[in-house]
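Only the coordinates and a few stated rules stand behind these numbers; no lab work does. The model shown is predicted, which means the values in this text are computed figures rather than measured ones. Cβ sites come from the backbone with ideal geometry, for glycine too, and all protein chains shown count toward neighbours.
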Amino acid sequence: MGAEVMCTATVGGRGVKGKARLETDVLQFRAAELTLNIPFNAMTAIAASDGTLTVRHADGTAAFALGAAAARWADRIQHPRSRLDKIGAKPAWKASAIGVDDTAFLDELKARVASLSIGRAARGSDAIFLGATSERPLARLAALKGALKPNGALWVIRPKGRPDISEAAVMRAGKAAGLVDVKVVSFSPTHTAEKFVIPIAKRPSK
């Protein structure tokens, strides 16, 4: 999930109190009287000084009084982490992808990990990625859990804002499969990824 800070945003000389949120590729601000969505690639200048993050973009300039977070946010905007970094993909991984139609991601993952099985879950996977555009594929979670290493992770990649596969539905399915959710990341501008693992108490002993 993105970082959030309650702050004052100043736009056009007017200060408004609200919530700033830093996502993978966009800076957002929400208040009753002001809404901003500033994509990183639309920013032409970024500066952090005295606890204030100032960004210049196509529609003007906005300043956010973030305090200690200002410098960190400026660095994250200027040096965004890749989705593989956020997922924690390792060169030694054995990974599997089922129902994932993001070919760019599959290419990125294949180049990063030791092996990638597409279309079936390889036994002993460090990570399994399940693409789901509805609740139906979630019925596979229990079976896919059996292909994970005890300390492996099962990621569900789903479209954002789709009522036919909500976050609540994914969480329910994970719990029903005997998994616990530990992380949510913004996978892309259109998709979210939820990470599930086998509870430590239920992992096979060595």
(request) Could you check the simple spin-label distance between Val184 and Thr61, using points 7 Å along Cα→Cβ, in nm with one decimal? (result) 3.6 nm
(request) Would you list, by chain and number, the lysines whose Cα falls below 25 Å from the Cα of Lys90, excluding same-chain residues fewer than 8 positions away? (result) Lys110, Lys145, Lys149, Lys183, Lys195, Lys202, Lys206
(message) Using the Cα centre of the chain as the reference point, and only Cβ charges (+1 on K/R, -1 on D/E), how large is the resulting charge dipole? Debye, rounded to the nearest 20.
(response) 960 debye
(message) If you take every DSSP beta bridge fully contained in the stretch 83-202, what fraction is antiparallel? Give it as a percent rounded to 5.
(response) 50 percent
(message) At R0 = 30 Å, how high is the FRET efficiency between Ala142 and Ser166 if r is their beta carbon distance? Nearest 0.05 is fine.
(response) 0.95
(request) Can you grab the distance from the C-alpha centre of the stretch 138-206 to the C-alpha centre of the stretch 1-41, Å, no decimals? (result) 30 Å
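Counting only DSSP beta bridges with both residues in the chain, what percent are antiparallel, rounded to the nearest 5? Intermediate values should be presented prior to the final figure.
On the way: 47 of 61 bridges.
That works out to approximately 75 percent antiparallel.
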(message) With n ≥ 4 as the cut-off for DSSP H runs, can you work out [θ] at 222 nm for the chain, using -39500 (n - 2.57) per run divided by the number of residues, rounded to the nearest 500?
(response) -5000 deg cm²/dmol
(message) For Ser188, Ser134, which order do you get if you count the other beta carbons within 10 Å of each Cβ and list the fewest first?
(response) Ser134, Ser188
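Quick one: length gained pulling Lys17 to Ala71 fully straight, 0.36 nm per residue minus the C-alpha distance? Write down the numbers at each step before the final one.
On the way: separation 54, 0.36 × 54 = 19.44 nm, distance 1.98 nm.
Contour length minus the Cα-Cα distance gives 17.5 nm.
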(request) Take every DSSP beta bridge whose two residues both sit in the stretch 44-132, then give the antiparallel share in percent to the nearest 5. (result) 60 percent
(request) Can you bin the stretch 3-78 into rounded, prolate or oblate? Criterion: square roots of the alpha carbon gyration tensor eigenvalues sorted a ≥ b ≥ c, rounded for a/c under 1.5, prolate for a/b above b/c, oblate for the rest. (result) rounded
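Classify the chain as rounded, prolate or oblate from the Cα gyration tensor: take a ≥ b ≥ c as the square roots of its eigenvalues, call it rounded if a/c is under 1.5, otherwise prolate when a/b beats b/c and oblate if not. Mind showing how you got there, number by number?
Details: a/c = 2.37, a/b = 2.09, b/c = 1.14.
It is prolate, given that a/c is not under 1.5 and a/b is the larger ratio.
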